[in-house]
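Q: Pasting a structure below so you can have a look.
Quick note: the coordinates plus some simple rules give every number you see, no bench work behind them. Since the model is a prediction, treat every value here as computed from it, not as a measurement. Backbone-built Cβ (ideal geometry, glycine too); neighbour counts: all protein chains shown.
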Amino acid sequence: MVTYPAVGATSRGTSVEELRAACDLAVQPLGVPRSAVPDAPRSGSSDEIGRLGEAMIALGLSTGLSAVGIADSQVFEETRAVLFERRRRGLNDHMQFTYRNPERSTDPSRILPGARSLVVGAWSYRHQEPVAVRSVPNGPVPGPGPAPGPGSAPGPGSAPGRGSAPPPPPPPVRPVGQVARYARIDHYASLRRSLEPIADDLRGRGWRATVVCDDNALVDRAAAHRAGLGWFGKNSLMLLPGLGSWFVLGTVVTDAALRPPEPRDPSPHAEGCGTCSRCLTACPTGALVEPGVLDARRCLAWLVQAPGSFPRQYRRSLGNRIYGCDDCQEVCPINRLADRRDPPPPPQADERPWIDLIDLLGSSDEALMTAHGRWYIASRDPRYLRRNALVALGNVGDGHDAATEQTLRHWLAVDDPMLVEHARWAARELGRDDLVGRSA
């Protein structure tokens, strides 16, 4: 059984105190071990267990989750077989995560011995998308603001008044890198903050429980599928009925034998996709090699995280992305319909959809890791952020811009063969072969 709030409504306004006041918890930083698990399991009556499942769903919705479902904790045998098969075919590339140890990532009892149930939640990161950009003026990122009032300075293209000074020239344009929606702020922290009250409630009733999210200990999409949250789309992501795929997923693993109010079988793969195949054709590198099957060796979202040189054949396809790729979700009719039915909220104030590439390439290791350290960065080495930025700069920069030229000169001269090679590629893409010749 899975429960969703009504379309157009929000669960964030419900008072948690009415259920179990527990949502003012500190956010657990990434890399911190999962919450401690009490040692003593307990038992309960059939009626109590049935009511408890309903209470956990209600509690999850009250803390801001968009959907909550309950599933048993049996081994995910089919998912385990798929992981082994795709790893055998090399489709995971160097990706580890749940591929590292499929026996572990598909067995909830490895997380909590004696586990009986999973409470699975989906946290939405769907927000209004700013106008797509490849570059921004050299200054504050443009955004909505108040309309000019009487006496305001004339806007671009407007005629100056009699006796007024001519409008200043437009500021120089600087190239920017695009960040995927899920990575603009730490949505997993919000997800964890919404799941912890469920675990705390269960512990308070004498059961054992622990929260797992963004963790290689559990294949989260398989857990969400079993809990009835939705179906596996042709883009390999979990699609929630009427809501789409803009979600991060997490689970509370518990030894309480919870029962969903209305058990039902999980939706078949691609059930709601019908004949649509837009995600397959929209992928800029053809990484969706068949419905629901992703070849990580081509996937831009993985390649920006992978170690080593960025594959030359996919550099132009990267465009100005520096982390993640949303193309297969942006074209999905389910997501577009959800936006029309229930317009997404505005972005949060601290979301950063794009990053100035010149600034990034001029930042120190410490500054880069402070700003972006919660991202998955190969070997925790900021060189890979610079690698991605150099590829993006080669795609959207201006080779005759002074700041871009200075940046290229710097990275062409460093004692780092990988970054020099990417700087050479960027310079050639921007028509600055002369810089490459001087650096050789």
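Q: Just need log10 I(q)/I(0) for the range 189-236 at q = 0.14, 0.16 Å⁻¹, Debye formula, equal scatterers on the alpha-carbon atoms, no solvent, rounded to two decimals.
A: Each listed q corresponds, in turn, to -0.45, -0.57.
Q: Would you mind getting me the FRET efficiency between Ser309 and Arg51? Use the beta-carbon distance for r and R0 = 56 Å, nearest 0.05.
A: E between Ser309 and Arg51, to the nearest 0.05, is 0.50.
Q: For the range 309-348, rounded, prolate or oblate, judged on the Cα gyration tensor with a ≥ b ≥ c (square roots of eigenvalues), a/c < 1.5 rounded, else prolate if a/b > b/c?
A: Values: a/c = 4.96, a/b = 2.30, b/c = 2.15.
Because a/c hits 1.5 or more and a/b exceeds b/c, the range 309-348 counts as prolate.
Q: What's the ranking of 269-278, 96-105, 384-393 by average number of surrounding C-beta atoms within 10 Å, highest first? Write down the numbers at each step before the final one.
A: Working: 269-278: 14.2, 96-105: 15.9, 384-393: 26.9.
Put in order of decreasing packing, that is 384-393, 96-105, 269-278.
Q: Still on this structure, please answer the following. Shape verdict for the range 283-374, please, from the Cα gyration tensor: rounded (a/c under 1.5), prolate (a/b greater than b/c) or oblate.
A: Numbers: a/c = 2.49, a/b = 1.16, b/c = 2.15.
Verdict is oblate for the range 283-374.
Q: Okay, moving on. Using only the Cα atoms of the range 238-333, build the gyration tensor, take square roots of its eigenvalues as a ≥ b ≥ c, and label the shape rounded, prolate or oblate: rounded if a/c is under 1.5, else prolate if a/b is larger than b/c, else oblate.
A: Working: a/c = 2.75, a/b = 1.73, b/c = 1.58.
The shape class here is prolate.
Q: Output the peptides 179-187, 358-366 sorted from most to least packed, where packing is the average of other Cβ atoms within 10 Å over each peptide's residues.
A: 179-187, 358-366
Q: Could you sort the peptides 402-410, 248-256 by per-residue average Cβ neighbour count (10 Å cutoff), highest mean leading?
A: With the highest mean Cβ count within 10 Å placed first, the list reads 248-256, 402-410.
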